[in-house]
Amino acid sequence: MRNGSTATYVIMALPLLLLMGFLVYPVLGVLILGLVVGPGSSFQEVMSSQVTHATLWFTFLQAAASTILAVVLGLPGAFLLARLEFKGKQAVRAAVILPFILPPIVVVVGFLRMFGSYGFVDSVAMALTGSTESVVNFAAGVPGIVLAHAFYNIPLVILLVSAALERLDPDIEDTAELLGASSIQSLRRIVLPHIMPSLLSAAILTFLFCFMSFPIVLALGQGRYMTLEVLIYYAFSSFDFGMTSSIAVIQILILMALAIAYTAAIRSDKRDAGQTSFIKTIPITELSAPGLLTGILYALLIGVIVVGPMIAVIDSAVFDPVTGQYTLKGFLHLLEVEGGLLPLTNSLFYATLATLFSVVMGIPLAYSLRSRSGLLSNSTSVMILLPLGVSSITIAYGLLRLIAVPTGWAANPWPLIIIAQTLIGVPFTARAIENSLRGIDPSLLEQADSLGANRLQKLFFVELPLLAPGILVGAAFAFAMAIGEMSATLFLKREQNVTLAVAIYENLGVRKFVEAGAASLLLLVVCFIAFLVIQRASESAFKGAI
Amino acid sequence: MTEYPSRRDPKKVITAAAVVVVIIIAAAAAIMFNPFQQRTLTVYTYGSFMDWGDNNDTDFFGPFEEKYGVDVVIDRRADDANTLVAILEAESANPIADVVIGIDNILILEEAAKSVLAPYTPINLSLIDDSIVSALDPEHYVVPFDFGLVTIIYSMADMNTTTHPELANLTFADLARPAMARALVTEDPYLSSPGLAFLLTEIAVHEKLLGTDWTDWWSDVKNDIDIQPGWSEAWARWYTDPTKHMMVSYGTDPAYSAYYTQTEPDVGTAPIYYNGEHYAWMQVEGMGLVKNGPNPELAKLFIEYCLSPAVQMYVALNQWMFPANMNVELDSAFDYALKPDEVILLNELLNQTEIAENLASWKSEWNDIIRG
Amino acid sequence: MVRVVLSGLAREFADGTHIGPIDLTLEDGELLALLGPSGSGKTTTLRMVAGFITPNHGTLTFDGANILDVPPRDRGIGMVLQSVALFPHMSVYQNIAFGLEVSGWSREKTINRVEALSDLLGIRNLLFRRTREISGGEAQRVALARALAKEPQLLLLDEPLSSLDPQLRETLQFEIRKIQKELGVTTLYVTHSQSEAFAISDRVAVLDNGVVSQVGAPEELYNRPKNEFVARFVGGGNIFAGEVVKSTEGEILIHANGWRFQVSGTSQSGSDVVFSVKPEDIRIGLGERPNALAVEVVSIIPLGGMHKIILQFGDRKVTSITQDEDLVRMLKENESSGVWFTFEPSSASLLKTD
């Protein structure tokens, strides 16, 4: 910040002030209201309750298990995506993120068909064993929960880590090989440290998602398991605001511990950023036979886990379980204003602006995260994770009660919906951009300085293009989060603000199954196109064509 | 010379982008805050309200709009009625809604629900059967809109009274057998009104009829029964999972099936049986005036209108509940429904005072058993 | 172009290390090499001049004007670093044109300048390549063109050639020197290689442990090192330490390592002195000879046209460079008995001792 001007400080401070106003204030506000005014249980009661302890413990364990599975399954994908050069790579990258946007209820149905009793996997197992009874059921209990969480979060691991891998300097790897390091050694000494920050980011975001999981845990756990988030919904729907707030406080404490541990882990890593460069890519046709085989096996595995439930979505768009017939009426419904056009327009409008805002906010926030001041980077780190780590109902209720109602926005809360969707996108943009920032060789910035570029020119012509991979991943996830957002939107929206995700849920609620299926399919297609567009934009930005 | 790439001025790019965004937002704001809108009456209700059929809000409320020169906005504001109450509470400083529809005979027992409502006794309440009115709310904070019976339904493709004779006279003891319990899907009583109705059914039958401790049955089935967070999830499970044959749903489901398949229904109802009688829990959905709502007089007229046949005639086929106004003729498909006169209402055994006093502890005991 | 004066420039770092105070003057248009081992503060000094490190003490002036408060981008500098640091997302053309474009040069002027420079450096054919598609030597040329594009008043080069292979390094050294002279741009050239510093510069400043040890023309440093460090680092010289046992007019007799050496210079009898002798001044002979020092040959290293011979003299090694092929052959056959060395008293330099 040696060259920091007033403008720079204002730009750095602005997102933090916005987060304070639209996130910290409403959240802390309702927490204090809940704890002080109530009504309901006191903090001490909640903290000493056996149910709270048991739930906290289960929440933690399932989140840890899910995170490990997502990382293990996602890492090879990250390597393949970064290393391999093949036709349609852009499409694959855009498709990888799709699981992320599906509403939980749609995922659950897909899971039942794929992994449930007499589902796809079970049928194969039954055929192999010659059994007429169900052999395996992976769509129930803890395995079902963990598998579904992996399904949701594998994209996060694949995309965040492959973005880091793409900036791995091939020279370093070559040097390691010349020095006689085996590929395992070079993986451990060269590659792993290089991707560690992004791997940690992906892991921490995955952990938070699973930690906050609610419909998946209830639906696949068949009611036998619950997370802290379930307890919050129980308390909220029973008007026990004391308990709602108490559990949200526990969530915030855990979140703070995670955020600070993450910052500390990253800080302890003192390596200099190497040269900013590109990873060596191998055309798929030149892959060795064992390599190709491993790749195919992995693609099959991911296909079963990720693509399976998606195929179920396609099927649900044309098959009506009420009449037991195939029909196109779901798509006809989409052509109606209320049925498809309005939700689609709303979804695109909110999600596009929210994505734009989360990227614009994410850039200065990423610099704050990188700040040498521990206080600044830690508080930023906590603040940006808050929207993921605190019950969305708390945030939505806070926004409604403490911002929408006093300002009169409650009558038409579209700005608030955009704000809520921006808030949940920021963790992705800020983290992904921070990871990219770490990969920029400082001497490039000094070069720009010495060549006479001012702050804005340096940002535009050097930093932003180099941050493009991070911005791309961040923007894609921000878009996915925004367009798939349910809880806050459902809580804030008025009749005219219905989004596609909300429409899917509402259609399912009134047995309009094909309508819901068609809307899900539309959501997938829209997102797929959006991700392709985001990739194009970021690639041309990288080529300096802004 | 042209082959050399050129650079744009970042200031211009930023300005252009900012201008585009501002124009989009301004345009959206202009569209959404239409100053020429006529007077509106806002109705908050839950997501699936009157959304099950072929008619739409214009059919139901168009005549009212024309008569009073008002725009009726049916805002399916929340997924469930409990959230509706929380929203009304959050907005109580500056209410937007005039009327709320969907608060049922259990939710109205909550202090929070009464706190956001103003009692009102419509003239048209005379059209509604007294027993339903008092089953909902004798104080008239809310008055009935529709009602339905919560019961167990089963898929006829998987089971029937021949393969499972016990379905004709189903008891909780039957349901406690592992094979039956494993085939049953119900809903979470914290998050779903049919789920809560089923819990109250179980409590009423055991405590009032059998005279046994209600918690035992849940302890018996907790490892086999499938509890889903809401009705939609439960239905998805029941439909998708070939091992699930029964679910807790509404007594009108066979009517729905018959109406849409235009054949004999493929679902049957199995109300709980005891000593020569069948029993079911009645859910009454009510509507009420929002306290300090912007248009109280219009709101009262609207409630009157909703009780009249003009709206009530649409309830059966668009809501798949029984209309509160019993003078309305029902579609022939409703012959397949479980009707109130076929069962004894458990509401009569478990009165509202008792529920109000014990509901919180029942739910938390239930939670301790299931997750204990 | 510009005369740069560093006076008392010093910087302390949080970890306790410190650089300076450094006093150094770059005359207008000269190429001054900053030579020193790694960790001696060369790069820090360069970065202070560039403005990326703010000194705690001292002043820095360009043509007499204080420049410390001027941000790097307004100092009129061009930089080339060892890591090259070409912008990876730009083509070669865009890299070279970057400084011109951000300074608002017209498109036509920019293109003319880039074309002229790329002709000068022989990279005209690379202009449309991506930076990852060019070789290391080409990359350095591009980096140099980029640094020179804006006609900087001061060129800062930080080990620009050390990652290249020796042959390419020599070619580029020559080119850099030629272009620098042609443009007359004042240049600070950081290197750890004595040969590179000597080959390229008008003057060399030797940096030791954060301070300037000696500044002078290459020959001066080589022939008249002021102290042991310079002698060792610059001359690769043979250092001898001993006691003056006899002082006559213009010549002293020094007792070192059990032998007496005749050295030109003056010093008081009985004082401790250090002197150095350059390898090429060490003469090796074979066979019995009085007044010559018997030593053992440790190794003979061919250097192309000459040989480096390392001798074991007591507990220290003495290096000699010879072009005498016969001598080398005889040494190889001789199995290192009866070898001696000697040097002219006038070829030894008395060094300052600390």
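Things worth noting here:
- Verdict on B:Asp137 being touching a Gly at 6+ places or on another chain (Cβ under 7 Å), farther than 26 Å from A:Ala503 by Cα and of a type outside the set (A, V, I, L, M, F, W, C): yes
- Hits in the stretch A:349-393 (condition: among the charged types (D, E, K, R) and in contact with an Asp or Glu (Cβ under 8 Å, 6 or more places away or on another chain)): A:Arg370
- Verdict on B:Ala30 being under 20 Å from A:Asn346 (Cβ atoms), open to solvent by 40 Å² or more (accessible area, probe 1.4 Å) and free of Cβ contacts under 8 Å to residues at least 60 places away in the same chain: yes
- Residue within the stretch C:119-128 that is within 14 Å of chain A (Cβ to nearest Cβ) and either open to solvent by 40 Å² or more (accessible area, probe 1.4 Å) or in a helix (DSSP H, G or I) (or both) present: yes
- Close Cβ contacts (under 6 Å, 6 or more residues apart or on different chains) running from residues in the stretch B:245-258 that are open to solvent by 10 Å² or more (accessible area, probe 1.4 Å) to residues that are modelled with pLDDT under 95 and polar (S, T, N, Q) comprise B:His245/B:Ser155.
- Matching residues, the stretch A:233-250, being more than 11 Å from chain B (Cβ to nearest Cβ) and open to solvent by 10 Å² or more (accessible area, probe 1.4 Å): A:Val249, A:Ile250
- The lone criterion from (1) of a type outside the set (Val, Ile, Thr); (2) crowded, with 22+ Cβ neighbours inside 10 Å; (3) in contact (Cβ under 8 Å) with a residue 40 or more places away in the chain; (4) within 30 Å of A:Val107 (Cα to Cα) left unmet by A:Gly509 is number (3).
A quick yes/no check of all residues on (1) in a loop (DSSP other than H, G, I, E, B); (2) open to solvent by less than 50 Å² (accessible area, probe 1.4 Å); (3) at pLDDT 85 or above; (4) away from chain B (no Cβ under 14 Å):
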residue	(1), (2), (3), (4)
A:Ala273	yes, yes, no, yes
A:Ala299	no, no, no, yes
A:Ile302	no, yes, no, yes
A:Ile314	no, no, no, yes
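- Restricting the stretch A:326-340 to residues that are away from chain B (no Cβ under 13 Å), buried (at least 16 other Cβ atoms within 10 Å of the Cβ) and of a type outside the set (Phe, Trp, Tyr) leaves a set whose member that is nearest to the chain's Cα centre (by Cα) is A:Gly340.
- Residue match in the stretch C:93-109 (condition: touching an Asp or Glu at 6+ places or on another chain (Cβ under 7 Å), surrounded by 17 or more Cβ atoms within 10 Å (Cβ to Cβ) and within 14 Å of chain A (Cβ to nearest Cβ)): no
- Of all the criteria given as (1) touching a Gly at 6+ places or on another chain (Cβ under 6 Å); (2) touching a residue at least 40 places away in the same chain (Cβ under 8 Å); (3) of a type outside the set (A, V, I, L, M), the one not satisfied by C:Pro72 is (2).
- Only one of the listed residues (B:Asp213, B:Asp158) is more than 30 Å from B:Ile101 (Cα to Cα), open to solvent by 60 Å² or more (accessible area, probe 1.4 Å), within 14 Å of chain A (Cβ to nearest Cβ) and in contact with a His (Cβ under 9 Å, 6 or more places away or on another chain). That residue is B:Asp158.
- Of all residues in the stretch C:203-247, those satisfying the criterion of being open to solvent by 20 Å² or more (accessible area, probe 1.4 Å), in a helix (DSSP H, G or I) and under 30 Å from C:Phe13 (Cβ atoms) are C:Glu228, C:Phe229, C:Arg232, C:Phe233.
- Of the candidates B:Ala97, B:Ala113, the single residue that is part of a helix (DSSP H, G or I), among the aliphatic types (A, V, I, L, M), at pLDDT 90 or above and open to solvent by less than 10 Å² (accessible area, probe 1.4 Å) is B:Ala113.
- With respect to the conditions (1) in contact with a helix residue (DSSP H, G or I) (Cβ under 7 Å, 6 or more places away or on another chain); (2) within 14 Å of another protein chain (Cβ to nearest Cβ); (3) small (Gly, Ala, Ser), A:Ala476 falls short on a single one, namely (2).
Here is a yes/no grid of residues against (1) open to solvent by 50 Å² or more (accessible area, probe 1.4 Å); (2) farther than 19 Å from C:Thr43 by Cα; (3) out of contact with any Phe, Trp or Tyr (no Cβ under 9 Å at 6 or more places or on another chain):
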site	(1), (2), (3)
C:Pro152	no, yes, yes
C:Leu157	no, no, no
C:Glu182	yes, yes, yes
C:His192	yes, no, yes
C:Ser201	no, no, no
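- Within the stretch C:79-92, if we keep just the residues that are facing chain A (nearest Cβ under 7 Å) and under 22 Å from C:Ile176 (Cα atoms), the residue that is modelled with the lowest pLDDT turns out to be C:Ser83.
- Answer residue from the stretch B:223-236, given it is facing chain A (nearest Cβ under 7 Å) and among the charged types (D, E, K, R) and is most open to solvent (accessible area, probe 1.4 Å) among those: B:Glu233
- B:Met50 passes every criterion in (1) of a type in the set (A, V, I, L, M); (2) within 20 Å of A:Phe241 (Cβ to Cβ); (3) in a loop (DSSP other than H, G, I, E, B) apart from (2).
- Residue count, the stretch C:58-74 (criterion: open to solvent by less than 20 Å² (accessible area, probe 1.4 Å) and more than 8 Å from chain A (Cβ to nearest Cβ)): 3
- Strands (runs of 3 or more DSSP E) contained in the stretch B:262-372 and holding at least 1 residues crowded, with 19+ Cβ neighbours inside 10 Å and within 21 Å of the chain's Cα centre (by Cα): B:267-270, B:277-290
- Candidate set: the stretch B:78-93, residues that are within 7 Å of another protein chain (Cβ to nearest Cβ) and part of a loop (DSSP other than H, G, I, E, B); chosen: the one least open to solvent (accessible area, probe 1.4 Å): B:Glu91
- Residues being assigned to a strand (DSSP E or B) and out of contact with any Lys or Arg (no Cβ under 7 Å at 6 or more places or on another chain) - total across the stretch B:117-160: 14
- Residue ranges of helices (runs of 4 or more DSSP H) in the stretch A:341-400 with at least 3 members open to solvent by 10 Å² or more (accessible area, probe 1.4 Å) and of a type in the set (Phe, Trp, Tyr): A:342-369
- Filter result for A:Val405 (modelled with pLDDT of 90 or more and in contact with a Ser or Thr (Cβ under 9 Å, 6 or more places away or on another chain)): no
- Consider the stretch A:440-468 and keep the residues that are acidic (Asp, Glu) and assigned to a helix (DSSP H, G or I). The one that is farthest from the other protein chains (Cβ to nearest Cβ) is A:Glu463.
- Checking every residue in the stretch B:6-22 against the condition of being free of Cβ contacts under 8 Å to residues at least 12 places away in the same chain, within 11 Å of chain A (Cβ to nearest Cβ) and of a type in the set (Ser, Thr, Tyr) gives at least one match.
The values are calculated or read from the model by the stated rules, or taken from the named source; none is laboratory data. Quantities reported herein were computed from a predicted structural model and do not represent experimental measurements. As a convention, Cβ positions derive from the backbone with ideal geometry for all residues, glycine included, and neighbour counts pool all protein chains shown. Surface areas here come from the heavy atoms of the whole protein model, side chains and all, with no ligands, DNA or RNA. Shrake-Rupley method; radii C 1.70, N 1.55, O 1.52, S 1.80 Å.
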